[in-house]
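Engineer: Take this structure, written in structure tokens, and hold onto it; I'll ask about it next.
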């Protein structure tokens, strides 16, 4: 079963890069990231609600909440501070641009 999950994960990771490139062709990369993140947020809460995992939410300790929030902040900061994506192209986030970083506008032709 884990092999099927690994193959599925690799497949979706691959098409994520392709679809996001198509999506940001004529859009601001920060707006595109916000839209994708909103969709992921909705899906994550939907799965948690459908599986009944939300019932366990009150059992999460204060320490766990702190680390989950810090992890989320670190994820957002990594995206904005110029983390290189899977395609090897530097992120075009706000902080990268403010530091005078390279601002590539990759396009994909289908």
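The values are calculated or read from the model by the stated rules, or taken from the named source; none is laboratory data. Note that this is a predicted model, so its numbers are computed, not measured. For neighbour counting, all protein chains shown are included, and Cβ atoms are generated from backbone atoms with ideal geometry for every residue, glycine included.
Engineer: Between residues in the stretch 6-23 that are in the same structural domain as residue 36 (by TED's automatic domain parsing) and surrounded by 10 or more Cβ atoms within 10 Å (Cβ to Cβ) and residues that are modelled with pLDDT under 90 and assigned to a helix (DSSP H, G or I), which pairs lie under 8 Å by C-beta distance while being six or more apart or on different chains?
Structural biologist: Close Cβ pairs (under 8 Å, with a partner that is modelled with pLDDT under 90 and assigned to a helix (DSSP H, G or I)) amount to 20/32; 20/36; 23/32; 23/35; 23/36.
Engineer: Taking into account only those residues within the stretch 1-54 that are outside any helix (DSSP H, G or I) and modelled with pLDDT under 85, which is farthest from residue 73 (Cα to Cα)?
Structural biologist: 1
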